[in-house]
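First up is the structure itself, then whatever we jot down about it.
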Amino acid sequence: MNAPLFQPWRLGTLDLPNHVIMAPLTRARADEQHVPTAMMAAYYAQRADCGLIITEATAVDPLGMGWYRAPGIWNDAMVEAWTKVTTTVHAAGGRIFNQLWHMGRLVLPDYLNGDQPIGPSAIASEGETFAPRADGDTSLFLPMKPYVVPREMGQADIDHAVSSYGKGAANAAAADFDGVEIHAANGYLIDQFLQSKTNVRTDKYGGSVDKRVLFLREVVAAVVQNMDPGRVGLRISPTSVRKGMGDESPERLARAIGGVAEEFQLAYVHLIEPIAPGFMDKPKYPVMKDLRQSFSGAVIQNGGFDAETAAHFIAAGEAQAISFGRPYIANPDLLSRFRKAIPLAEANFDFAYVGDEQGYIDYPTADGR
Ligand SMILES: Cc1cc2nc3c(=O)[nH]c(=O)nc-3n(C[C@H](O)[C@H](O)[C@H](O)COP(=O)(O)O)c2cc1C
């Protein structure tokens, strides 16, 4: 049953044993200096039988870090700690890419010693986000604060951000990751440049869609300096309107992004295009076909899949592989549950973004291990 999920295949320049991809999931179990911890190595090793693990979003620069206890990859202590994670995953037989991240305008000043965050244009996101925990605060949940108006990035800010992604890729290679995924989705910095609602610049980085993809193009160019493009993926969500996002033509944007991925012969594009609502809405106008017009490499689709729908999409050639996010929280043995048609365990979302071992590495496998 669902045989297409369990076939080996080649993604870029990496052989994968199956088509079940672990989607990136921020779980905030690094330490307060954003250095990965031993429990993160245990967590990823528990899931090492999937085709490919894509780590949680990992900040490439302190200016792009606005999440309490999320990991970074900008200094030597982080590289050393990530090396322990990759070594543990490889010893368990797995493959692991690091997701390179910069939050741009979504960083609260609380994380920047009170400074304004940076973004393509001086437009604030809507709503609130998690603020860091105050000293002595022992409640489980983090306080919430509204997003602020970012400072419009000048050329020096752009050059610094681009080189941070390049250094992030070099650090990921040093930490023995099998590859990297550039996070250009979900309203973070690259997405802020891509989408018309958050980029109203009048210089070479804004205006037409060809100009809005320039920042992404520069980031990809910097990353492939330090990583084989056959080991580089790109995550996008051009139809998502979460976190105050929006684009005048997601279809055109998808074609332009696909053009960049094609130009650099990237291993894959990871498209968040849900087939069921939940994490984000199901898009009214899916862009998979538009992406395919300009990109000939593998597309990993994500959002609301189960084993049956994933196998069906792969068999029909709709996507080369499917990634699973929420199902991986409570099912470390997701692959084996899919193989044996064992019902999935339900996650306790209270511990999705906060806590330590509980709700993180204590979910049992179906056979009780
Ligand atoms: C707890 C949680 C953390 C997430 N963290 C990330 C992240 O770090 N990077 C990212 O690109 N997407 C992140 N996502 C989005 C997931 O990768 C995925 O797109 C989403 O859960 C929909 O897929 P699913 O239906 O298989 O869960 C996160 C989602 C959840 C629920």
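Nothing in this text is a laboratory measurement; each read-out follows from the coordinates by a stated rule. Since the model is a prediction, treat every value here as computed from it, not as a measurement. Cβ placement follows ideal geometry from the backbone for every residue including glycine, while neighbour counts extend to all protein chains displayed.
The table for this structure:
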quantity: Residue (of Val287, Phe193, Ser139) at the positive-pole extreme of region 3-351, dipole from beta-carbon charges; calculated: Val287
quantity: Ranked Ile329, Ile123, criterion: other C-beta atoms within 10 Å, fewest first; calculated: Ile123, Ile329
quantity: Cross-link partners of Lys197 among lysines (Cα-Cα below 28 Å; sequence separation of 8 or more within a chain); calculated: Lys145, Lys211, Lys243, Lys282, Lys284, Lys289
quantity: 12 Å Cα-Cα reach of Lys84 towards aspartates and glutamates, excluding residues that sit fewer than 8 places from it in its own chain; calculated: Asp176
quantity: Rounded FRET efficiency, nearest 0.05, which uses the C-beta distance separating Arg242 from His90 and R0 of 35 Å; calculated: 0.55
quantity: Packing-based exposure ordering (other Cβ within 10 Å, fewest first) of Glu346, Glu251; calculated: Glu346, Glu251
quantity: Given charges at beta-carbon only (K, R positive; D, E negative), |dipole| of region 78-199 in Debye; calculated: 140 debye
quantity: Likely footprinting exposure, Lys340, Lys284, Lys243, fewest C-beta neighbours within 10 Å first; calculated: Lys284, Lys340, Lys243
quantity: Expected 222 nm ellipticity per residue - DSSP helices of 4 or more, -39500 (n - 2.57), all of the chain, to 500; calculated: -8500 deg cm²/dmol
quantity: Calculated P(r) of the chain - Cα pairs past 31 Å, %; calculated: 29 percent
quantity: GNM flexibility winner over the chain from Gly127, Gly66, Gly244 (Cα, springs under 10 Å); calculated: Gly127
quantity: Euclidean distance between Cα centres, region 194-224 to region 8-38, Å; calculated: 27 Å
quantity: Theoretical gain in end-to-end length, Thr365 to Phe264 [0.36 nm per residue, Cα-Cα removed]; calculated: 32.4 nm
